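The structure appears below as structure tokens.
The values are calculated or read from the model by the stated rules, or taken from the named source; none is laboratory data. A quick note: this is a predicted structure, and the numbers were derived from the prediction, not measured. Every residue, glycine as well, gets a Cβ built from its backbone with ideal geometry; the counts of neighbours run over all protein chains shown.
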Amino acid sequence: VRKRRVRVRDYCRCKTGCRRTNCKCISNRIKCTENCDCQLEKNAAGCNNPFSQENDEAVDSSNATETASSQEAIIANLKAELISKTELNNKLNKLNEDLRSENEDLRSENEELQNLNQKMDKERRKLLHYVIHEMKDNIKVFCRWRPRTPEETKQMKALCNISFIDDCTIEVGKSDGSDAMSCSGNKLQGTKQKFSFNKVFAPNASQADVFEELSLLVQSAIEGYNVCVFAYGQTGSGKTYTMEGKSELETEGMMPRTVRYIFSEMEHLKRLGWKYRIEASFLEIYNDNIVDLLDSEPKTHEIRMVDNKGQDLCVSNLQIKEIHSPEELHEYLRTAQHNREVAATQSNKRSSRSHLVARMRLIGTRVTKQGSISTIGNLNLVDLAGCERLTTERPPSPNRELAAAKYINTSLANLGNVILALSKKQEHVPYRNSKLTRLLEPYLGGNSKTLMLLNVSPLDEHLNETLNSLKFGSNIANNCKTSGSIKRPSPRIEKRKNVTYLGVSPLRD
Ligand SMILES: Nc1ncnc2c1ncn2[C@@H]1O[C@H](COP(=O)(O)OP(=O)(O)OP(=O)(O)O)[C@@H](O)[C@H]1O
């Protein structure tokens, strides 16, 4: 067989007599075909069966040898492949091992980060509590002077004589230097009266300046405190401008700014593991009746305490909306503003004739290893109706307005009494005397921070009302400063299985 194979390899033995050593049929180890070199080049006609029997046998046996050797080669190849695959597998296993350990590292790093986050959150809340507690007074009074409106400037209305002594103190007198008279008819001594507050905003103060001072209170509502912000002042003094503002970003009031702030804080707190739910309602108190500003159908609304401790209340038939975005809240705010009762007064063509109460309930939850903790803060933003001096020489416009003006003045007087009683730390606080104070009872005093934004007109013709407002506001501010140790706000804490509701007390204690 070996000899024959050699012979076959030596030359082509087809019948054409080709006998070439480089014939294709030899190099490809195939039987001679039509395409064989020898046939193409030589006489193809005589070559129907190019290989002799002898050659066929030689080729078959040579093929068997070749198959055996090619199988050996295949086996060798397979072996090599197996080796390389085993190596690859080993490498993959190693990589897997590395990944697993890296995963483990990441998990422990993640855990460390979470612990750090928790610590940071605790520190942040401690610091915030410290700052909030440093605010000391549960009731603060900011005084804001509005500038002359373009119309008033055109009419060249005289300004009263105001001196801004410092950030907290002002002196006010008549433009001609004569003695002023208060609304109640008492002559105020001296050509200029001095008043001090927690903060005074001059006419050039922007909405952003006012919000900067307010934002800490909003923050404390996010942390679980109850907060009430009132815009108080005579009609046309700038309450609605302060609370609602205008549509441009720069002139936006406290309400839209608060909404924006809450949502940006929520985003920040999300990174520390907190999730928030916001519920909002908008109502007005007009002629001592509650009106739902988000409901077009008139309904009867009653104030009911949720618990017998007087810590929370609800208003029947009131729409409470869950808010998911600042835009959604702005939309409700716009609806409420649109539905609010307005009428012309002596000093304001579009005077708010009702008290607007925008309430946001901020419920924060954080899941920890020990269970979950929750904070509930209520933020009440109140744009009060403007008080109006009712005299025979300055009657309110139509008769219908007289009743409204009387209701407004009575409810404002009642609110004034409640805030005065709280500022003096009196035991009895007359919450029950009006719907407005009943509605705000759980959110005033105790676990709450109250801010009165006292708005004043700069016009000389409003000086008597201005002096009355200033006297009332500075009385409250000074009572809070001098009434000794301040009762710490006691946050609302509710415990449920594995759930703790807290203000900021655990950190405080
Ligand atoms: N800080 C301010 N800067 C510029 N304009 C102001 C400012 N405050 C008030 N105004 C303007 O003064 C006018 C009266 O203000 P606004 O309607 O807010 O008073 P109000 O106290 O809400 O009155 P009312 O109690 O009658 O509703 C408006 O034209 C308002 O744009």
Scanning segment 236-246 residue by residue, those crowded, with 24+ Cβ neighbours inside 10 Å, among the hydroxyl-bearing types (Ser, Thr, Tyr) and within 6 Å of the ligand (Cβ to nearest atom) turn out to be Ser237, Thr240
Just checking, how many residues over segment 200-236 are closer than 24 Å to Ile278 by Cα and without any contact (Cβ under 8 Å) to a residue 24 or more places away in the chain? 1
Residue check for Leu249: at pLDDT below 90, more than 21 Å from Asp209 (Cβ to Cβ), more than 12 Å from the ligand (Cβ to nearest atom) and not in a strand (DSSP E or B): no
Would you mind telling me which numbered condition in (1) in contact with a strand residue (DSSP E or B) (Cβ under 8 Å, 6 or more places away or on another chain); (2) modelled with pLDDT of 90 or more; (3) of a type outside the set (Ser, Thr, Tyr) Leu269 fails? (2)
Residue, nearest to Lys406 (Cα to Cα), within segment 210-235, restricted to residues that are within 12 Å of the ligand (Cβ to nearest atom) and among the small types (Gly, Ala, Ser): Gly233
Filtered residues of segment 140-157 (kept if within 27 Å of Ile419 (Cα to Cα) and either assigned to a loop (DSSP other than H, G, I, E, B) or of a type in the set (Asp, Glu) (or both)): Arg146
Can you spot a residue in segment 291-298 that is among the small types (Gly, Ala, Ser), out of contact with any helix residue (DSSP H, G or I) (no Cβ under 7 Å at 6 or more places or on another chain) and surrounded by 13 or more Cβ atoms within 10 Å (Cβ to Cβ)? no
For the condition surrounded by 22 or more Cβ atoms within 10 Å (Cβ to Cβ), under 27 Å from Arg260 (Cα atoms) and modelled with pLDDT of 90 or more, what is the one hit in Ala358, Ala385? Ala358
Looking at Arg257, is it within 16 Å of the ligand (Cβ to nearest atom), basic (Lys, Arg) and within 14 Å of the chain's Cα centre (by Cα)? yes
So, of the residues in segment 266-287 that are touching a residue at least 60 places away in the same chain (Cβ under 8 Å) and either of a type in the set (Ser, Thr, Tyr) or exposed (fewer than 13 other Cβ atoms within 10 Å of the Cβ) (or both), which turns out to be farthest from Thr437 (Cα to Cα)? Arg271
Residue hits (segment 237-265; of a type in the set (Asp, Glu), farther than 17 Å from Leu216 by Cβ and free of Cβ contacts under 8 Å to residues at least 60 places away in the same chain) are Glu248, Glu250, Glu252
Which residues, counting only those in segment 299-315, are surrounded by 14 or more Cβ atoms within 10 Å (Cβ to Cβ) and part of a loop (DSSP other than H, G, I, E, B)? His301, Gln311, Asp312
Answer yes or no as to whether Asn447 is modelled with pLDDT of 85 or more and either under 25 Å from Asn198 (Cα atoms) or among the hydroxyl-bearing types (Ser, Thr, Tyr) (or both). no
